[in-house]
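Colleague: Before I ask anything, here is the structure I am working with.
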Amino acid sequence: MQELAEANRQALALLLTGNRELWTIVAISFSVSLRAILIAAPLALGVAFLLAHLRFPGRRLLISAFNTLLALPAVVVGLTVYMLLSRNGPLGDLKLLFTQTAMIVGQIILCLPLLVAMSHSALQAADRRAWETAITLGAKPWQAMLTLMYEVRFGLIAAVVAAFGRIIAEVGSSMMVGGNILNYTRNIPTAIALETSKGEFAQGIALGLVLLLLALVLNFALSLLQGKGAITP
């Protein structure tokens, strides 16, 4: 019990004193995950819109595939990307293994199914009259699409928040394709795993607190947006 209390005290000291190694890990984690979500979100929203508003052969199969991939383990994604980018893999000449780019690729693969599935559900629940009205008023298809997305913006924002939360906290893919290199690919989850395996809990607790604070801030911001967007009688 005393050791745990001491570890918590050291963790708070690391956070409050601006420990350089700790905040470098946090910066790398946020940088990689933000880039991954910024790349994946537009693609996922486009796919979700097509699945919600177009009828074509194989549509139901695609929806089922994305729903199935929601349970895709991060370590499987990491193994797949590793095999593709390794020296003997088909993309080995790109020399991307153990780089931040490889981590971003893995995180895009991880968050894409979640973004598509949640965005598809939100778009299907939207009032189709918003789309029809926009088209009737002379809007171009892409303008009508943006109008419809604005109507369900809270559901889409929730999808982005959930996807970001998944990738910034995943460890399997980042460890395998990033290599956990200090000051380059070591992010919050891989650093926690490393420090725990060494029996050094202070930094792991501090980084865990950062993740908890992030979850609190994101959910509070989403609740605040929803409250501002609510229609009051």
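Colleague: Of the conditions (1) closer than 24 Å to L211 by Cβ; (2) within 15 Å of the chain's Cα centre (by Cα), L45 clears all except one; give me its number.
Modeller: Status for L45: all satisfied but (1).
Colleague: Scan region 141-157 for residues that are among the polar types (S, T, N, Q) and crowded, with 20+ Cβ neighbours inside 10 Å and jot them down.
Modeller: Matches in region 141-157: none.
Colleague: Turning to a different aspect of this structure: Return yes or no: is S29 exposed (fewer than 15 other Cβ atoms within 10 Å of the Cβ) and part of a helix (DSSP H, G or I)?
Modeller: no
Colleague: Of A163, A71, which residue is under 20 Å from F49 (Cα atoms) and of a type outside the set (V, I, T)?
Modeller: Just a single option satisfies the conditions, and that option is A163.
Colleague: Identify all residues within region 1-26 that are of a type in the set (S, T, N, Q), under 25 Å from the mean Cα position of the chain (by Cα) and farther than 18 Å from T185 by Cα; write none if there are none.
Modeller: Residues satisfying the conditions do not exist here.
Colleague: So, in region 69-115, exactly how many residues are touching a Pro at 6+ places or on another chain (Cβ under 8 Å) and either among the polar types (S, T, N, Q) or at pLDDT 95 or above (or both)?
Modeller: Qualifying residue count, region 69-115: 1.
Colleague: Please list, ordered by first then second residue, the pairs with beta carbon atoms under 8 Å, 6 or more apart or interchain, first in region 120-148 and of a type in the set (D, E), second part of a helix (DSSP H, G or I).
Modeller: D127/E151
Colleague: Filter region 124-140 down to residues that are surrounded by fewer than 12 Cβ atoms within 10 Å (Cβ to Cβ) and aliphatic (A, V, I, L, M) and give me whichever is modelled with the lowest pLDDT.
Modeller: L137
Colleague: Return yes or no: is L50 closer than 24 Å to F164 by Cβ, in a helix (DSSP H, G or I) and modelled with pLDDT of 95 or more?
Modeller: Criteria not met by L50.
Colleague: Name the pairs whose Cβ atoms lie under 7 Å apart, with the first residue in region 43-62 and buried (at least 16 other Cβ atoms within 10 Å of the Cβ), the second basic (K, R), and 6 or more positions between them or separate chains?
Modeller: From residues that are buried (at least 16 other Cβ atoms within 10 Å of the Cβ), the pairs are L51/R59.
Colleague: Among the numbered criteria (1) out of contact with any helix residue (DSSP H, G or I) (no Cβ under 9 Å at 6 or more places or on another chain); (2) assigned to a helix (DSSP H, G or I), which single criterion is violated by A36?
Modeller: Only one criterion in (1) out of contact with any helix residue (DSSP H, G or I) (no Cβ under 9 Å at 6 or more places or on another chain); (2) assigned to a helix (DSSP H, G or I) is unmet by A36, namely (1).
Colleague: Hey, could you check region 82-113 for residues that are of a type in the set (S, T, N, Q) and either assigned to a loop (DSSP other than H, G, I, E, B) or in contact (Cβ under 8 Å) with a residue 60 or more places away in the chain (or both) and say which is surrounded by the fewest Cβ atoms within 10 Å (Cβ to Cβ)?
Modeller: Taking the candidates together, the pick is N88.
Colleague: Looking at region 123-143 only, could you name the residues that are under 31 Å from the mean Cα position of the chain (by Cα), of a type in the set (A, V, I, L, M, F, W, C) and in a loop (DSSP other than H, G, I, E, B)?
Modeller: If the condition is that a residue be under 31 Å from the mean Cα position of the chain (by Cα), of a type in the set (A, V, I, L, M, F, W, C) and in a loop (DSSP other than H, G, I, E, B), then A125, A126 are the ones that fit.
The values are calculated or read from the model by the stated rules, or taken from the named source; none is laboratory data. What you see is a predicted model; the values in this text were computed from it and never measured. Every residue, glycine as well, gets a Cβ built from its backbone with ideal geometry; the counts of neighbours run over all protein chains shown.
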